[in-house]
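A.B. asks: Have a look at this one.
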Amino acid sequence: MSSEHDASETQSVGEQAAEDEDVTYPRMRREQELVEEKLEDLGEGIGWNGKTLKTQMEGVEERTDSTDHYDGQEELELKSENPIEYEQMFSQLRGDLVTARETSKEVAATPIVEQEGELCYGLFTPEGDSIAVSTGIIVHIHTMSEAIKYMINHDFEESPGIEPGDVFVNNDTHVGNVHPCDIATLIPIFHEGELVAWAGGVTHVIDTGAIGPGSMNVSQASRFGDGAHYCRKIGEDFELYNSWEKDYVDKTRTPEFLKLDERTRMTGCLMIRDAVKELIDEYGVDEFKQLSRESVEDGRRGFRNRIKRTMLPGTYRGVSFVDALYEGQENLTREYANENHIMHAPSELHVREDGTFQVSFEGANKWGWHPYNCTPAAIQGGIWVMLTQTVIPNENVNDGAYYACDFHLPEGSWANTQNTETAHAYAWHYLVSAWAPLWQHLSRGYYARGFWEEINAGNANTSNWLQGGGIDQFDKLHAVNSFEAACEGVGARYVEDGEPHAAAIWNPEGDMGDAEVWERTEPLPFLGRAVKPNTGGPGRRAGGAGFESLRTVSDVTRWLLYEMGNGYMTSDSGLFGGYPAASGYILNAQNTDLKQRFENGEEYPQHDLDPESGAFEAQIDGDITRTPKGISTPKEFEDHDLYLNYLRGGSGLGDPLERDPEEVLSDIHDGYVLPRHAEDAYGVVVEQVSEDAKHNSAVDGEFEIDEAATRDRREEMMDERAEEAVPASEWYEEQRERIQAERDLIDDVKKTYVSSMRMSEQFTDFFRNFWDLSEDFEFNLSDEAEKSLEYRFGSGFKRKWDNYTRSHESWHGVGREDEPVVPYTWTDRSLKDLSGPSASFDERTRATDDD
Amino acid sequence: MPDTYPREIIEDLVDDSLEWDQLHDMMSKFKDTDRFQQVREVLQERVDWEDPIIIPYAEHLYIVAKSADRWVIKCDCGHEFCEHDQNWKREALINVRDSTEAYREIYPEGMHPHPDYMELREFFCPGCKTLLEVENMMPGYPLVHTFEPDIETFYDEWIDEPIPTPESA
C-alpha cells in the first residue's frame, strides 16, 4: 500500500528506523518522534515554525482578509520566478491524485465506487484549503476542507491530537458534508515534525444505517433518522482502532462493502502521502509550502480572470422550485412530517467590477421535516463542482475558486439550517434544483460576451433514486442504491442538443453502469433499459433525453423499495424559449402474474416508453401504482413485482418552432420524441410510412415529414400565439387580483410564500411591491400550515460549530431586518448605486463619488 | 491559444453551424480576446436596422443605442420592448400553461408539472411572435428581471472601449 513497506527504499529521514526491517512506516515513526519532541519538550504546536494549527489558520485568514489575496500572496514568487517548476510540481500532484483515484477504486466492491466512480481525493493545506484535486465527485473537496477546519477550530490538535499516522473520519453534514452517506477519510502529512498537508478521500457508501435501507433514505423527519454521523480520530500508526472497526460496521446494513470502501480511501490517502513525500524529497519542503500557498491564490486569480474574460458585469436573477410531497405518505417517523413542501430558491448573482462573484439565496424558505435540507458546506461545495464544469474546466481547480466567491445563505433556511435536528440524507434534491438558475446566469453572461459555445440551458433533476433493502438473494441483510441516477440527460447548449443519458451534475464522469454489474449486487433483474421519449425539454436545441430501466424483484424476503425525485414540479427551466425537462412519475406493479407469464412464454412489460399507450397495463396483471408524484417512502415488494426507474432529461434552449424539421424526424426515429408530440411541440407534421416499429420506439424510415403540412402548421401556430397570448400588463392585472383574493392558490403554495416572507423582509418587500399589495398583505393559511410554520420557526437554532472562524462568518446569515452580506437588488435598486466591489447597501458611507 | 478566430468561424458560431470538432477545439482552448467585438460585428450585419448593438442580450434580443444616453431592448424583428434597465417581459405577450390539457400538448401524461403547483409562462415578441423565454413558476410569483448588465463598467473598465452611439456607428 505504502512505499514505506518497501525495505529497500532509500529514506531521507528516519534512516535508523528504516534499518530495522520489523518497523513499519519508518518515516511515520521518525515523524512521531519529532512531533513528540516539539509538543512535549519544546511546547510548540504542529504548525509551521512551532505555531499551533489554530494560530496558523487564524493567520492565513487575517492575511487573506487584509490583502484580498489568499494568505497575503500578493506576488506569486514561485510561479513568476520559476514557472516551469511551478507547473511541473502542480501537474505532478494533480497526476498523483488522479492516479490515487483510478487505482484505489479497484479496491472497492460497490458498483457505486467501482463503476460510477463516486469517489474523489484532495490535497489540502494544513489549514484545510484544497491545493489540488482528483477527478470524480469533487464537490467533496470543499466539504473535506470544512471538516479539517472544524477539527482545527474545535481543538482536535489538543484532543484527540493530530499526529503522524493518525486517521480521521467525517461524514457529519454540519461539520462539512452534503449528506452522511459520503464518508471522508483524512490523514495528516508531516515533514520534519511539521504538518505540511492533509490527504483526504471520499466515497459514497451504500448504507449508513438510516431508518430505512439505502444510502439516502427519505422517510425520516430529522437527523436522527439519517444514519450514523462521525467526526473523529479512528486510528493511529495508520492502523484503525479496534474499537472503530468493531463499532461502525454494526451501524450499517452493508458492513463488508463499507469495510472495502474504507480500505479504498486509505489506499488513496496513503498514495497521496507518498506522492507528497516524493515531491518534497525532489524539490524541498520550502518549495512545497510555497506551492501550496501560491496554487490557492493562483486558483483564486484564475477564477476572477476567467469571469472577467467570459462574462459581463452586472446582476443575474432567477428562481427555481422543487416539490417534496409527504402528505399521506406511509412510514413517516413523525406525524407532523405528514405535509407537503416546496423548495423556493431565489438566486441572485452579482458579477462585480473586479470580477467578484457573489451568490445570494435571500428569500429562501424555511427548512423542513424532510431529508433535503442543506448546509453551507453542501451549497458551497455543490456550486463549486458546478463551476468546475463551466467557468474553470481546467486543472487549476482548488479552493481558490471558493475564495473568489461570496455567498449569502440565509440562516435558518433550507440552504443553511444551522440546526442539527434537520435531516440531510438527500440534500441533493434541493441542491441540484437550487443551482439550476446559476447555469442560466452564466449562460446569459456567455451570450452577451459572445462565448456561445459555453451556453448551457441547465442540468437535469438527478433522479429517480432506486433504493431499498431487505434479505437479498444470498439470504443476507442488504441495502441497494442504484446509481443509474449518475446518468441523466443534460441541458441543451446553444450549439448542440443536450447529451442524452450522459451524466449527473454532481459527477461529471458519471455513467449508468453495466446492468449485469447492478444485478450482481441488487436482486432486481432488468426487464428492459431504453432511452425515454419526451424527457428532454423541447427547443431549437433539445434537452438531452433521459432513460428508463424496468426492474423486477427476485429471490428476496421482507424487501423494501422506494422512489425519490421531482414529480409535481420541474426544477430546471428552459432557456431563450426552450421548455423545461419533463417531470417525474412513479410506476410500480405488485402482486403480479409475471411468474406465470415467464412460465407460459407470454409477453411481459419491458418498458413504459409512452405512459399513455396502455402497453404496460396490457402486459401485466397486478396492483399497479401510476402516479405523477416523485417520492415514496419504503414499501414492501415481493418476487416478480415491478419497479420503473426513470432517469430524467435536460431542459431545452430556443424556440421549438425554429428547430429543423429533419432534426425532429431524427428525434422520433432515435426514440427521443413520441410522434404525436412532433406536431404539438414543434409544429412538425409526420406520417407513418412503415409498420416496422416495436415497443413504441420508432425505427429509421418509419416516419416521413409532410413538408407542406409542416409549413402550414407552423404558420398556424404563430397565428395561435398571437391570438391566445395576452399583453403582460393585462396578465399582471388579472394575477394581482387573483393574489389579493387568494383565488386558485393552494395551501402548499401559500405556505411557501409565507415561509419566505417570514424568513426575509427583503423578499416580502419584493413580493408586495411587485404586485402593488398593501404594506400588511399576508396570505391566509390553513390551521395545519400555520402549525407547521410555527413548529419549524419555533425550533430556533442548534449549531454544530461552537464558534466560527473569520471565513465562516457568512454562515451566520443576517436577521430579517438587516441587509444581507450580498446586496439584495430584486427591489428597485441596482448594483450601480454602489461604488466599489466591496460596497453593500448597508455601507452607504462607502457609496460616494470619492470611492 | 488563438487571440482571435477567423471571421468565418465566428459567423458559423453565430449561425450554429460549426462542426463538432471545431466546437470541441473552441471549448478546450483558451478564450480569444476579441470575441465580443467579433460577435457584435457579425450580429450588427445580420439585423435589418441601423441602431448600434451595445450588447447581445438574449437570443433574438439586443440592447441597442437610440442615442448617446438612451439604450433600449430590441428584438431582431425590430420591435422595441423597453429601456435597457427595465424588464422586457412586462412588455411581452404572455401565454400561461396552467392546465393539464395545455401541458399535454408538450409532455406525455403524468410527465408534466401539476398545474396547482407550477405553471409555464411563455413570453412572445409582440412583433414577430417568436417564443423568447419559458419560465416554470410557482403560481403567483412575480416576473423575474433576469439580467441587468453593467454596461458602463464593461465598456469602460473591462474592454476599454467607448460605448457605441448612433453617431459612432
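Each value in this text was obtained by applying a stated rule to the coordinates, not by laboratory testing. In this text the structure is predicted, and so the values were computed from the model without any measurement. Methodologically, a virtual Cβ is constructed for each residue, glycine included, from the backbone with ideal geometry; neighbour enumeration extends over all protein chains shown.
A.B. asks: Report, in degrees rounded to the nearest 10, the 0 to 90 angle that the Cα long axis of helix A:139-153 makes with the longest principal axis of chain A.
C.D. replies: It is inclined by approximately 40 degrees.
A.B. asks: What 222 nm value per residue comes from the helices of chain A, counting each DSSP H run with n ≥ 4 as -39,500 (n - 2.57) and dividing by all residues, nearest 500 deg cm²/dmol? Walk me through the numbers before you get to the answer.
C.D. replies: Values: 25 runs with 281 residues, N = 851.
Only helices count here, giving -10000 deg cm²/dmol.
A.B. asks: Any idea how far apart B:Asp160 and A:Ala708 come out in nm if each label point goes 7 Å out from Cα toward Cβ?
C.D. replies: Spacing of the two 7 Å Cα→Cβ label points: 6.2 nm.
A.B. asks: I need the phi-derived Karplus couplings for segment A:260-265: 6.51 cos²θ - 1.76 cosθ + 1.60, θ = phi - 60°, integer Hz, Gly and Pro marked x.
C.D. replies: Once θ is set to phi - 60°, the couplings for segment A:260-265 become 5, 4, 5, 5, 4, 5 Hz.
A.B. asks: What residue among A:Val169, A:Phe303, A:Leu123 has its Cα farthest toward the positive end of the dipole of the protein assembly as shown, where the charges are +1 on Lys, Arg and -1 on Asp, Glu, each on the Cβ?
C.D. replies: Sorting the options by dipole projection puts first A:Val169.
A.B. asks: Could you give each residue of segment A:533-544 its phi-based ³J(HN,Hα) in whole Hz, using Karplus coefficients 6.51, -1.76, 1.60 with θ = phi - 60°, and x for Gly or Pro?
C.D. replies: x, 6, 8, x, x, x, x, 3, 10, 7, x, x
A.B. asks: Just order A:286-293, A:372-379 by mean Cβ neighbour count inside 10 Å, highest at the front, would you? Show your work: numbers first, answer last.
C.D. replies: On the way: A:286-293: 19.5, A:372-379: 27.6.
Taking the mean over residues of other Cβ atoms within 10 Å, the ranking is A:372-379, A:286-293.
A.B. asks: I would also like to ask the following. Using the Cα atoms of segment A:456-659 to build a convex hull, what is its mean projected area in square nanometres? Write out the running numbers ahead of the final one.
C.D. replies: On the way: hull surface 45.1 nm².
Seen from a random direction, the Cα hull of segment A:456-659 projects 11.3 nm² on average.
A.B. asks: Show log10 I(q)/I(0) for the protein assembly as shown at q = 0.04, 0.08, 0.09 Å⁻¹, two decimals, from a solvent-free Debye sum over equal Cα scatterers.
C.D. replies: -0.19, -0.79, -1.01
A.B. asks: Follow-up question, since we're still on this one. When a footprinting reagent is the concern and you count Cβ atoms within 10 Å, what order do A:Trp428, A:Trp414 take, fewest first? Write down the numbers at each step before the final one.
C.D. replies: Numbers: A:Trp428 26, A:Trp414 30.
Lowest to highest Cβ neighbour count: A:Trp428, A:Trp414.
A.B. asks: Which whole number gives the average, over all residues in A:314-326, of C-beta atoms from other chains lying within 10 Å of the residue C-beta?
C.D. replies: 4
A.B. asks: Moving to a separate point now. Provide the net charge surrounding A:Gln389, with neighbours chosen by a C-beta distance below 11 Å and charges set as Lys +1, Arg +1, Asp -1, Glu -1.
C.D. replies: Details: positive: none; negative: A:Glu454, A:Glu509.
After counting each charged neighbour, the total is -2.
A.B. asks: From other protein chains only, count the Cβ atoms within 10 Å of every residue's Cβ in B:9-16, then give the mean. Walk me through the numbers on the way to the answer.
C.D. replies: Values: counts 0, 2, 0, 1, 6, 3, 1, 9.
Neighbouring Cβ atoms belonging to other protein chains average 3 per residue here.
A.B. asks: If packing is taken as the mean number of other Cβ atoms within 10 Å per residue, what is the order of A:789-795, B:82-88, highest first?
C.D. replies: B:82-88, A:789-795
A.B. asks: So, one more: Please list, in order along segment A:430-441, the HN-Hα scalar couplings obtained from phi with the Karplus expression 6.51 cos²θ - 1.76 cosθ + 1.60 (θ = phi - 60°), rounded to whole Hz, x for Gly and Pro.
C.D. replies: My calculation for segment A:430-441 gives 7, 4, 4, 5, 6, 8, 3, x, 5, 4, 6, 4 Hz in order.
A.B. asks: Please sort A:331-342, A:177-188 by packing, taking for each peptide the average over its residues of neighbouring beta carbons within 10 angstrom, highest first.
C.D. replies: Details: A:331-342: 18.4, A:177-188: 26.5.
Sorting A:331-342, A:177-188 by mean packing, highest first, produces A:177-188, A:331-342.
A.B. asks: With a Cα-only, solvent-free Debye model of segment A:299-409, what are the log10 I(q)/I(0) values at q = 0.09, 0.15 Å⁻¹?
C.D. replies: Values returned for q = 0.09, 0.15 Å⁻¹ are -0.33, -0.72.
A.B. asks: Peptide A:716-729: average number of partner chain Cβ atoms within 10 Å per residue? Mind showing how you got there, number by number?
C.D. replies: Working: counts 0, 2, 5, 1, 2, 9, 4, 1, 6, 11, 4, 6, 13, 4.
Partner-chain Cβ atoms within 10 Å, mean over residues of A:716-729: 5.
A.B. asks: For segment B:1-46, count the residues as N, evaluate 2.2 N^0.38 Å, and divide the Cα radius of gyration by that value, please.
C.D. replies: Numbers: Rg = 10.3 Å, N = 46, 2.2 N^0.38 = 9.4 Å.
That ratio works out to 1.09.
A.B. asks: Still on this structure: Loop only by DSSP, 13 or fewer other Cβ within 10 Å of the Cβ. Give me the trypsin sites (Lys or Arg not before Pro) in segment A:703-779 that pass, ordered by residue number.
C.D. replies: Details: sites: A:Arg711, A:Arg713, A:Arg714, A:Arg721, A:Arg736, A:Arg738, A:Arg743, A:Lys750, A:Lys751, A:Arg758, A:Arg768; in loops: A:Arg743.
For trypsin sites (Lys or Arg not before Pro) across segment A:703-779 that sit outside H, G, I, E and B with at most 13 neighbouring Cβ atoms in 10 Å, the list reads A:Arg743.
A.B. asks: Between A:Thr627 and A:Asn600, what FRET efficiency follows from the Cβ-Cβ distance if R0 is 30 Å, with the result rounded to 0.05? Can you show the working numbers first?
C.D. replies: Working: r = 30 Å, r/R0 = 1.00.
With a Förster radius of 30 Å, E is 0.50.
A.B. asks: Would you list A:Ser482, A:Ser774, A:Ser782 from fewest to most Cβ contacts within 10 Å?
C.D. replies: Taking fewest neighbouring Cβ atoms as first place, the list is A:Ser774, A:Ser782, A:Ser482.
A.B. asks: Given H placed on each backbone N at 1.01 Å, which residues far from B:Cys82 in sequence or on other chains put an amide H within less than 5 Å of it?
C.D. replies: So B:Cys82 has HN proximity to B:Ile73.
A.B. asks: Considering amide H positions built from the backbone, and no H for Pro or chain starts, which residues 5 or more places from A:Glu44, or on another chain, come under 5 Å of its amide H?
C.D. replies: Here the answer is A:Leu39, since their amide H atoms fall under 5 Å of that of A:Glu44.
A.B. asks: Quick one: order A:Ser219, A:Ser159 by neighbouring beta-carbon count within 10 Å, fewest to most. Before the final figure, lay out the partial values.
C.D. replies: Working: A:Ser219 25, A:Ser159 8.
Final ranking by Cβ density, sparse to dense: A:Ser159, A:Ser219.
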